[in-house]
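Shown next, in structure tokens, is the structure this report addresses.
The values are calculated or read from the model by the stated rules, or taken from the named source; none is laboratory data. Note that the structure is a prediction, hence the values are computed from the model and not measured. Using ideal geometry, Cβ is built from the backbone for each residue, glycine included, and neighbour counts are taken over all protein chains shown.
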Amino acid sequence: MLKSNNTLLKDLKVYHHLSLEYVKKNYKEEEVRELLMSGLAKVEKLSAHIDGPYRDYLVYRAIDEIDVNTIKKFLGLVSEDFGNDVYWAFRIKLYVYIWGESENLYVKKSKFDDIVEYILEHYLAEVYFSFCPHFEPNHRAESVVECQWLFYDIDNVNETVLRNLSRLSPRPVVILYSGHGAHLYYKLSRKVRTEEYKKIWQRFAKRYLTQYLNKIDKTKSGPYVLARLPGTLNCKDPENPVRTIAIFQEGDLIEVRI
């Protein structure tokens, strides 16, 4: 039975990981043993950089904050109209004491389960995803195949704005509270190429999202951007990771006229 006054657990919830060397010097052996037996902490070899050097850390297991069902549902939704011959880009930015290098992964949708497992192993991370597939294993603009989803990144969202977004017309299929803002996903009636996508993105925003134009991130108007993956953690403030919340609804199909 884990004691409620376990000071090591309290500190791990704040810092998420402490070097094993530091733990042995500053905490009781009984507290360490309690945490390891409870499953709330484990020893991992971590590094500030992908290529090391690695050290032993006692890590707080925040895996329960990862919403696996949301991740799988979202990945299935955005990829359902594409075959297994295209690549999807993931950028995973790991955190130890400082942000390390980003790791870019390019996979076909048959390997999405492997990506989910990787995220669970590296849960304290910023995870981004290309909602449009690519011909080649990269996320350059010129390699985008086609896109069927409009994506809008709205900054500085509070609870009132979030409620209003769910009442938008046309209705988005997915609304993601990203921790500090909101992401909207609208499905198009057909797949479009990059240049056509940009024009549709601009016209739609001006017509239907006028009240949020000053909050929309205009740098994310292309189908080649990487967006935060729903169901993962927002770790911009590593000491206070925020769980992202996705709302799936019967959204309106956005008609694209030829």
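Structure notes:
- Condition check for Cys235 on (1) closer than 27 Å to Thr160 by Cβ; (2) surrounded by fewer than 19 Cβ atoms within 10 Å (Cβ to Cβ); (3) not small (Gly, Ala, Ser): one failure, at (2).
- Breaking point among (1) closer than 30 Å to Val43 by Cβ; (2) without any contact (Cβ under 8 Å) to a residue 24 or more places away in the chain, for Tyr128: (2)
- Checking each residue of the stretch 232-245 against the condition of being modelled with pLDDT of 90 or more, among the charged types (D, E, K, R) and not in a loop (DSSP other than H, G, I, E, B) gives no match.
- Meeting the requirement of 3 or more residues that are aromatic (Phe, Trp, Tyr), the strands (runs of 3 or more DSSP E) wholly within the stretch 118-185 are 147-154.
- Flag if Leu229 is hydrophobic (A, V, I, L, M, F, W, C), in contact (Cβ under 8 Å) with a residue 60 or more places away in the chain and farther than 12 Å from Tyr152 by Cβ: yes
- Of all residues making up the stretch 171-190, the number that are surrounded by fewer than 17 Cβ atoms within 10 Å (Cβ to Cβ) and under 15 Å from Leu253 (Cα atoms): 3
- Looking only at residues of the stretch 51-75 that are at pLDDT below 80 and closer than 24 Å to Val23 by Cβ, we find that the one that is farthest from the chain's Cα centre (by Cα) is Pro53.
- Scanning the stretch 205-221 for residues that are in a helix (DSSP H, G or I) and of a type in the set (S, T, N, Q), we see that the one that is nearest to Leu162 (Cα to Cα) is Gln211.
- Residues in the stretch 186-204 that are part of a helix (DSSP H, G or I) and of a type in the set (Ser, Thr, Tyr) were compared, and the one that is nearest to Ile245 (Cα to Cα) is Tyr197.
- Among the conditions (1) modelled with pLDDT under 90; (2) under 23 Å from Glu103 (Cα atoms); (3) among the β-branched types (Val, Ile, Thr), the only one that Val144 does not satisfy is (1).
- Residue that is surrounded by the fewest Cβ atoms within 10 Å (Cβ to Cβ) [pool: residues in the stretch 16-50 that are at pLDDT 80 or above and in a loop (DSSP other than H, G, I, E, B)]: Lys28
- Annotation note: Cβ proximity below 6 Å between a residue of the stretch 28-42 that is under 19 Å from Val14 (Cβ atoms) and assigned by TED's automatic domain parsing to the domain that holds Tyr57 and a residue that is in a strand (DSSP E or B) and modelled with pLDDT of 85 or more (sequence gap 6+ or interchain) occurs for Ala41/Leu58.
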